[in-house]
Amino acid sequence: MSTSSSSRGLGASIGAGAPVLAFDVGGTDIKSALFDANGEALSLRRTPTPARGADPAPALVEELARLADELRAEHPTVIAEAVGFVVPGIVDTDAGIGVYASNLGWHDAPLRSIATERFGLPVAFDHDVRSAAKAEHELGGARAHDDVVVLIIGTGIAGAVLVGGIPYTAGGYAGEIGHSPIADGPECACGARGCLEAIASAGAIARRYAAATGTTPDGAKDVIARAAAGDEVAARVWNEALDALALALAQLTAMFAPEAVVIGGGLSRAGGALFDELRARLTARLSFHRMPALIPAELEGNAGILGAALRARELT
């Protein structure tokens, strides 16, 4: 089953240029679209990610090729000149290798070469959040800045760092802000202890409240509302999450001096409850440092596929 929409739902156009195919692969679904010469997404759709099998990388590329055939059949006059393909996990962009993706099942998979052979077109292969950061930099909330940290706070916490407008990758290992250690505990799903994600992600906020009260909240938003209404446990959980985020951002500010921190994902919808509190706590932690602007992401869930299309355009 798939859901489709026009480019109006993307909130941005990638501008005039060569037509390209773009794919944003997630653990549960794939976003795909054909971008025309005006930069508009044609038949943007969301389809389930295929179940991982014995050889998941080639199987995934076959699914992308099938989706591409459907898009081309719907728009036979739009001839794609390149493909943009982004995935989660550890990604070595320069080598074109998916180093590791726990939810997709590959290790050191030569995804770019597999896709290049299958499509017969130039393929831009990248990390989903780094591509989302590129889109936010060129089309979204980070347009006015070149030194930027992008945080996506949802079930987990994903990140990317742009220096001079260029993603800092370090062979795919840079940007794992959600797994920066900021405390001695709790244990994180990655196997380490005290990761930012284990305390301050939307998923962690809901889990920690449930563990402390025996009551399952309706997500992090519910915990934040309970905190505002005087629930002491909710206030403690939310306060600890804010302190953890402020500490992580203070460390990033000291190391990278970003002009801006762009925050997206489900938790960003908390509005002032997040941004005002985080701004105040970060200011209190800094001294001579340059205070970064804290900016809500503008492209949200579409940033990845827009970034994939922008990367593909670079090859034309």
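Throughout, read-outs are computed from the coordinates displayed, never taken from laboratory work. On a predicted model such as this, the values are computed, not experimentally measured, just so you know. A quick note on method: Cβ atoms are made from the backbone with ideal geometry, for glycine too, and the neighbour counts reach across all protein chains shown.
Result for the chain in a Gaussian network model with C-alpha springs under 10 Å: among Ala297, Ala65, Ala115, the largest mean-square fluctuation is at Ala65.
Figure legend: label point modelled 7 angstrom from the Cα of Tyr100 along Cα→Cβ; residues of region 167-185 with amide N under 11 Å from it are 173. A cut-off of 5 Å between modelled amide H atoms, ignoring neighbours fewer than 5 places along the same chain, links Val262 with Val149, Val150, Leu151, Ile295.
Placing unit charges on each Cβ (+1 for Lys and Arg, -1 for Asp and Glu) gives the chain a dipole about its Cα centre, and among Val149, Asn239, Ala95 the Cα reaching farthest toward its positive end belongs to Asn239.
Counted as membrane-span-like here are DSSP H helices of the chain whose alpha-carbon atoms extend 18 Å or more along the helix's own axis and whose Kyte-Doolittle mean is -0.5 or above; these are 56-74, 232-256, 272-285.
Note that region 84-101 has calculated 3J(HN,Hα) couplings of x, 9, 10, 9, x, x, 8, 10, 8, 4, 4, 7, x, 10, x, 5, 6, 8 Hz, one per residue in order, obtained from phi through the Karplus relation 6.51 cos²θ - 1.76 cosθ + 1.60 (θ = phi - 60°); glycine and proline are x. Across region 124-249, Cα-Cα distances exceeding 26 Å account for 29% of all pairs. Just how far, in whole angstrom, is region 212-282 from region 57-82 if you go by their alpha carbon centroids? Value for the Cα centre distance between the two parts: 40 Å. A Förster radius of 30 Å, combined with the Cβ-Cβ distance separating Glu240 from Ala51, puts the computed FRET efficiency at roughly 0.20. Debye-formula intensities of the chain, expressed as log10 I(q)/I(0) at q = 0.09 Å⁻¹, are -0.46 (one equal scatterer per alpha-carbon, no solvent).
Looking at region 97-177, which GluC sites (Glu not before Pro) are in a loop (DSSP not H, G, I, E or B) and have at most 14 other Cβ atoms within 10 Å?
The qualifying sites: there are none.
Spatially, region 13-34 and region 112-182 are offset by 15 Å when compared through their Cα centroids. With helices as the sole contributors, the chain gives -11500 deg cm²/dmol at 222 nm; each DSSP H run of n ≥ 4 counts as -39500 (n - 2.57), and the sum is divided by every residue.
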